[in-house]
Amino acid sequence: MNNLFSKFLVILSVFTLFTACSSDDDFNPDNQESDEIEYDGNHKILVAYFSATGNTQRLAEQIVNATGADAFRIEAAEPYAANPYDDSDRIQNESYNNLRPGVAVLPDNVEDYDVIFVGSPIWWHNPAMVVCTFLEHYDLSDKIVVPFFTYGATTYLQQSIDKIYEVTPKSRHLNTYTGGSVEKWLQDINILK
């Protein structure tokens, strides 16, 4: 019986190790797939973001203040609860089933921008799916798309970046914000000089 229990523990340990090392969870800021661009002060920039609790909005405002970009707040056609935890089942269903909730208002001029920063909290391993709805509405071929996220830990950051890349496959992509000075990040990706 002891031998059977020992084998069970070994199998459980191996299973735990493999699931803990899932590539969906691995994020290394030095290994982001990113296009390179040269600084161009003539870029027309939009910061489009979804914010449920204000964290993503604060980061979006820092980007706007540093770049002089236009801002657009993405809102769901069917609003989420003021406390996202109250909508946890809905959010999980949208994320796990790759659903596209409606957007309340879709601006007509998004394709006029050269650079589109897109911000979201990470909800159930992905960006809020309403952000994907927004992005898929436009032809963003050859546009520069820069995802940024607010999150409690880097778990699922890579999966969220990959989801933005998936819904904007013909766009160019720059490294996401991973903390620290927003202006330094914007300089590193050649949005600011």
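The values are calculated or read from the model by the stated rules, or taken from the named source; none is laboratory data. Predicted, not measured: the structure shown is a model, and the values here were computed from it. Cβ placement follows ideal geometry from the backbone for every residue including glycine, while neighbour counts extend to all protein chains displayed. In case anyone asks, the SASA skips ligands and DNA or RNA and just uses the protein heavy atoms, side chains included. Shrake-Rupley method; radii C 1.70, N 1.55, O 1.52, S 1.80 Å.
Of note:
- For region 40-148, the residue among ASN83, LEU135, ALA48 whose Cα projects farthest onto the positive side of the dipole built from Cβ charges is ASN83.
- Carbon + sulfur, % of accessible area of region 90-174 - ligands and nucleic acids excluded, 1.4 Å: 45
- The TYR151 and ALA77 beta-carbon pair, evaluated with R₀ = 25 Å, returns a calculated FRET efficiency of approximately 0.50.
- Spherically averaged projected area of the convex hull of Cα atoms, region 29-127: 7.8 nm².
- The HN-Hα couplings worked out from phi for region 72-77 by the Karplus form 6.51 cos²θ - 1.76 cosθ + 1.60 (θ = phi - 60°) are 9, 8, 7, 10, 6, 4 Hz, whole numbers, x standing for Gly and Pro.
- Extension gain, ARG100 to ASP139, is 12.4 nm, computed as 0.36 nm per intervening residue step minus the present C-alpha separation.
- Cα-based equivalent ellipsoid of region 90-160: semi-axis lengths in Å, sorted from largest, via gyration tensor: 22, 15, 9
- ³J(HN,Hα), Karplus 6.51/-1.76/1.60, whole Hz, each residue of region 171-176, x for Gly, Pro: 8, 8, 10, 10, 4, 7
- Taken along the Cα-to-beta-carbon direction at a fixed 7 Å, the label points for ASP114 and TYR165 span 2.4 nm.
- Normalised by the number of residues in region 69-114, the average gap of Cα pairs under 8 Å and 6 or more apart makes the relative contact order 49 percent.
- Pairs beyond 20 Å (Cα-Cα), from LYS143/LYS163; LYS44/LYS193; LYS163/LYS193: LYS163/LYS193
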